[in-house]
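The structure appears right after this line, and notes come after that.
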Amino acid sequence: MSTDDHLPLDESDAELNKDRFFVTALARGLAVLAAFRPGEAALSNQELTRRTGLPKSTVSRLTYTLTQLGYLSQETDTGYYRLGLAVLALGSAVLSSYDVREIAAPLMREFALKHNVSVSLAMRDGVDMVYLETCRSAARVTVQLTVGSRVPLVTTAIGRAYYAGLTDAERAKLDLELAEHYGAEWPGLADKLAESLVDYRERGYAHSWGEYGPEVLAIGVPLRSPASGQPTMALNASGPALLFTPETLGREVGPVLVELAHRIAPPLG
């Protein structure tokens, strides 16, 4: 199952309805909003039906309601839907709630320019990492990701760094979620995560050598400061294979990326 797949809510309603606090109608509306992906202009009811697995009649009612509330807007010529300004307001509220971004952003910009790498800050949402802040280098080849972009946890340096920063109990719980999501693919991915965990403990950073983007090398470190009250996050630095090798990126950028993480979220003690 890819990270773009959505579990059809009709298939899970019977299980979810056992929870008397769970509001299925709300979950379906949120599933429609979650179907939109970064960089897309507008989606039809038919495409939203395909992505959510909901009946077309249900999707039509949901898109109408969400449009009336400002969470979607409808194009007059095509009838397609795009995310509305109400979603933007929610997104701004979410980002502003993470105080760490105010500290991280200027330090990340300075770091990106000094070391000629792109630097990103992300937190987990399900089986993905969502970018909260990103500062690109001046290099021609970079990962074209922006705030709000999603990347898979299991194959990216930033995701593997997050994984490494968890406690054993948190990691075991996440393993169950990943296993359910990836199914038959999970054993191989689990081996990769286990290898990455060993690398992190030996070198101080996790890595992904071209696994997400074939021309891009990346390393990542966890960002965890229990005293701040913020959730565990992760920080990465990526550079083009034209300028770096795995050895040079690790040697030249790895130690200073760890220092950057400590400046943003000082460890206890």
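Condition check ((1) in contact with a strand residue (DSSP E or B) (Cβ under 8 Å, 6 or more places away or on another chain); (2) modelled with pLDDT of 85 or more; (3) assigned to a loop (DSSP other than H, G, I, E, B)) across all residues:
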{"site": "39", "(1), (2), (3)": "no, no, yes"}
{"site": "70", "(1), (2), (3)": "no, yes, yes"}
{"site": "77", "(1), (2), (3)": "no, yes, yes"}
{"site": "94", "(1), (2), (3)": "no, no, no"}
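Quick check on residue 54: is it hydrophobic (A, V, I, L, M, F, W, C) and assigned to a loop (DSSP other than H, G, I, E, B)? Spelling it out, residue 54 is indeed hydrophobic (A, V, I, L, M, F, W, C) and assigned to a loop (DSSP other than H, G, I, E, B). Within segment 36-47, if we keep just the residues that are more than 21 Å from the chain's Cα centre (by Cα) and of a type in the set (A, V, I, L, M, F, W, C), the residue that is surrounded by the most Cβ atoms within 10 Å (Cβ to Cβ) turns out to be 43.
Is it fair to say residue 202 is assigned to a helix (DSSP H, G or I) and in contact (Cβ under 8 Å) with a residue 60 or more places away in the chain? For residue 202, the condition - assigned to a helix (DSSP H, G or I) and in contact (Cβ under 8 Å) with a residue 60 or more places away in the chain - is not met.
Sub-8 Å Cβ pairs linking a first residue in segment 222-235 that is in a loop (DSSP other than H, G, I, E, B) to a second residue that is at pLDDT below 70 and not aliphatic (A, V, I, L, M), at least 6 apart or interchain, are 224/267; 225/267; 230/98; 230/99, ordered by first then second residue.
Regarding residue 241, is this residue under 23 Å from residue 123 (Cβ atoms) and in the same structural domain as residue 257 (by TED's automatic domain parsing)? Judged against the criteria, residue 241 is not a match.
The values are calculated or read from the model by the stated rules, or taken from the named source; none is laboratory data. Keep in mind the model is a prediction, meaning the values are calculated, not measured. For neighbour counting, all protein chains shown are included, and Cβ atoms are generated from backbone atoms with ideal geometry for every residue, glycine included.
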